[in-house]
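Step one of this worksheet: look at the structure below.
The values are calculated or read from the model by the stated rules, or taken from the named source; none is laboratory data. Nothing here was measured: the structure is a model prediction, and the numbers come from that model. Ideal geometry is used to build each Cβ from the backbone, glycine not excepted, and the neighbour counts take in all protein chains shown.
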Amino acid sequence: MRINVGAKLWLAFFCTLTLTVLTMYLLLQNNLKRGFLDYTSVQAIQRLDILSDALLNIHKKEGSFAALQQTPERWLDMKSIVFSDSPKFETNSTDGRNELSAQDNLTQHDIDLTQNFYREFVNSISLYDSDKNLLLGVIKPGKTISWIPIMAHDKPLGFIGFVKPDVVVREADKRFVSHQLTFFGLISVVVLVISILVATLLTRRISRPIKQLSKHTQLLASGDYRQRIQVSSNDEIGQLSDNFNKLAQALEASETSRKNWIADISHEMRTPLAVLKAQIEAMQDGVRPLDAKGLALLKQKTDGLNTLVDDLFELTLSDIGALSYQKQSLALDKLVVACIEQYQAKIAEAGLTLRFVTPKSSPIKIHGDAKRLEQLLGNLLENATRYTDAGGSVEVELLAEPDKVILLVRDSAPSVALELREKIFERLHRVEGSRNRSTGGAGLGLAICTNIVAAHQGRISAEDSPLGGLTIRVELPNKAQ
């Protein structure tokens, strides 16, 4: 049988409260009995001071307790002094036991019960000498004895031994204890009922957002990413609801991005394919001659498609972590110089000037993949060449700091609006509105650069260029790992 969270919470509250109330009741019961017995013991010990004074007088007159040992009846009579303000004891001449007088207007039942208590109490009193050797009374093994000294001139002449009772004997005392326990029991039941009601309300309050979260999670799992939960608290459940909203928002954005990705890829591939199809059909119909110029155009469009497919494949490998990196110690400044030499002619053909700001210290060592870092700089130079107006310039600078190496690729106008700079690192994003611009690529270069930098535990960002365009800033750790 499946038990929901609300039922589990209620059961947890119920079991905890029941156990707590039961434990409190048992502790109160035990403390009440012990406290009552301690109280009666203290009262009894206070009464024993009377007996102590009487025994002291006997010792002063007779010099010892020897005569008292010879007459046990006298010892019993002396112990009855303890109850001088209670129902009177009389000594039965036939058996020598203390009995209650019937002249106290007590019922025979009360007399019997009280007599049993006082007899038990009297039997718990014993007389010991100064060395605590028993003179009169009975030794009760395993019982705790309270000692009341019989003092004369700061010297003990003997001791009265009193065994504390371990159970409530008198019926009146039993009724009192029973009444108190019944009262405690009623209070415990009332507290338990109130606690259960409070637990029920708390359970509903706690389980309601959990049920709501479960419902919205099922809808989210079915593909409805528009689900949102109203956050009504600042506790863990409120944080969980807020995290759910963030997850739903991220999934919705991811789904939108996926749809846009498919649309963008289709658009990027449709344009060169349409040109290829039109050129081939024109050649088939004899509209265009099948010459070197026509074949060169076909090759150009085919190369563009091939580059797009390669970039997509490489970006996909990078996303799933399957792009291989062969990292080793290398001189980054030499790699930058070699890459600039490769792009020098292409940048010049675009009507741009290229300048490399030589680092103050050389070589600049880092731990990285030479092939991927060369691809990184190549994409940055390609991007700068494509989006810089003719007659402008491109500048590459390499800086070495104690904990990192900074690569700066600057270009001249045009620049990119501040609010769009973060978006240029998104795949298939281009600043210009038309995707048919002759200088425009597929918008994958900077996305690939972002993945390469991340694989080297670095950072990439865009900022204003002193040349009037855009600066791409790449930070890489310079310590070998």
Restricting to segment 347-392, what's the tally of residues that are in contact with a Phe, Trp or Tyr (Cβ under 9 Å, 6 or more places away or on another chain), of a type in the set (A, V, I, L, M, F, W, C) and closer than 19 Å to Ala331 by Cα? 1
Qualifying position, being surrounded by fewer than 18 Cβ atoms within 10 Å (Cβ to Cβ), acidic (Asp, Glu) and in contact with a helix residue (DSSP H, G or I) (Cβ under 8 Å, 6 or more places away or on another chain), among Glu397, Glu374, Glu401: Glu374
Of the residues that sit in segment 326-358 and are of a type in the set (A, V, I, L, M) and part of a strand (DSSP E or B), which one is nearest to the chain's Cα centre (by Cα)? Leu330
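Applying the selection to segment 234-249, what residues are aliphatic (A, V, I, L, M) and more than 24 Å from the chain's Cα centre (by Cα)?
At the first step, the residues of segment 234-249 found to be aliphatic (A, V, I, L, M) are 237, 240, 247-248.
Selection gives nothing.
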Anything in segment 418-460 that is under 37 Å from the mean Cα position of the chain (by Cα), at pLDDT 80 or above and assigned to a loop (DSSP other than H, G, I, E, B)? List them, or say none. Glu422, His456, Gln457, Gly458
Ser361 meets each of (1) surrounded by 14 or more Cβ atoms within 10 Å (Cβ to Cβ); (2) in a loop (DSSP other than H, G, I, E, B); (3) without any contact (Cβ under 8 Å) to a residue 40 or more places away in the chain; (4) not acidic (Asp, Glu) with one exception, condition (1)
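Would you mind finding the one in Ser52, Ser64, Ser41 that is surrounded by 11 or more Cβ atoms within 10 Å (Cβ to Cβ) and in a loop (DSSP other than H, G, I, E, B)? Can you show your working first?
Values: Ser52 fails: in a loop (DSSP other than H, G, I, E, B); Ser41 fails: in a loop (DSSP other than H, G, I, E, B).
Result: Ser64 is the single residue among Ser52, Ser64, Ser41 that is surrounded by 11 or more Cβ atoms within 10 Å (Cβ to Cβ) and in a loop (DSSP other than H, G, I, E, B).
Results for (1) modelled with pLDDT of 90 or more; (2) assigned to a strand (DSSP E or B), shown as yes or no for each residue.
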{"residue": "Asn306", "(1), (2)": "no, no"}
{"residue": "Asp311", "(1), (2)": "no, no"}
{"residue": "Thr316", "(1), (2)": "no, no"}
{"residue": "His367", "(1), (2)": "yes, yes"}
{"residue": "Leu373", "(1), (2)": "yes, no"}
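Listed residues Lys346, Lys334, Lys293; which is basic (Lys, Arg) and either loosely packed, with under 11 Cβ neighbours inside 10 Å or in contact (Cβ under 8 Å) with a residue 60 or more places away in the chain (or both)? Spell out how you get there, then give the answer.
Working: Lys346 fails: either loosely packed, with under 11 Cβ neighbours inside 10 Å or in contact (Cβ under 8 Å) with a residue 60 or more places away in the chain (or both); Lys334 fails: either loosely packed, with under 11 Cβ neighbours inside 10 Å or in contact (Cβ under 8 Å) with a residue 60 or more places away in the chain (or both).
Result: Lys293 is the single residue among Lys346, Lys334, Lys293 that is basic (Lys, Arg) and either loosely packed, with under 11 Cβ neighbours inside 10 Å or in contact (Cβ under 8 Å) with a residue 60 or more places away in the chain (or both).
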Which is more than 22 Å from Asn4 (Cα to Cα), among the hydroxyl-bearing types (Ser, Thr, Tyr), modelled with pLDDT of 85 or more and loosely packed, with under 13 Cβ neighbours inside 10 Å, of Thr182, Thr144? Thr182
I'm checking my understanding of the structure. Among residues of segment 242-276 that are in contact with a helix residue (DSSP H, G or I) (Cβ under 8 Å, 6 or more places away or on another chain) and within 28 Å of Ser214 (Cβ to Cβ), which one is surrounded by the fewest Cβ atoms within 10 Å (Cβ to Cβ)? Leu247
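Please verify whether segment 251-265 includes one or more residues that are of a type outside the set (S, T, N, Q) and modelled with pLDDT of 85 or more. Can you show your working first?
Going through segment 251-265, the residues of a type outside the set (S, T, N, Q) turn out to be 251-253, 255, 258-259, 261-265.
Still in the running and modelled with pLDDT of 85 or more: 251-252.
Looking through segment 251-265, at least one residue is of a type outside the set (S, T, N, Q) and modelled with pLDDT of 85 or more.
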If Arg355 meets every condition in (1) charged (D, E, K, R); (2) outside the structural domain of Val453 (by TED's automatic domain parsing); (3) more than 30 Å from Leu276 (Cα to Cα) apart from one, which number is that one? (2)
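Right, Thr182: out of contact with any Ser or Thr (no Cβ under 8 Å at 6 or more places or on another chain), in a helix (DSSP H, G or I), of a type in the set (Ser, Thr, Tyr) and over 30 Å from Asn30 (Cβ atoms) or not?
Working: out of contact with any Ser or Thr (no Cβ under 8 Å at 6 or more places or on another chain): yes; in a helix (DSSP H, G or I): yes; of a type in the set (Ser, Thr, Tyr): yes; over 30 Å from Asn30 (Cβ atoms): no.
In short, no.
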Thr302 being touching a helix residue (DSSP H, G or I) at 6+ places or on another chain (Cβ under 8 Å) and within 30 Å of Gly391 (Cα to Cα): yes
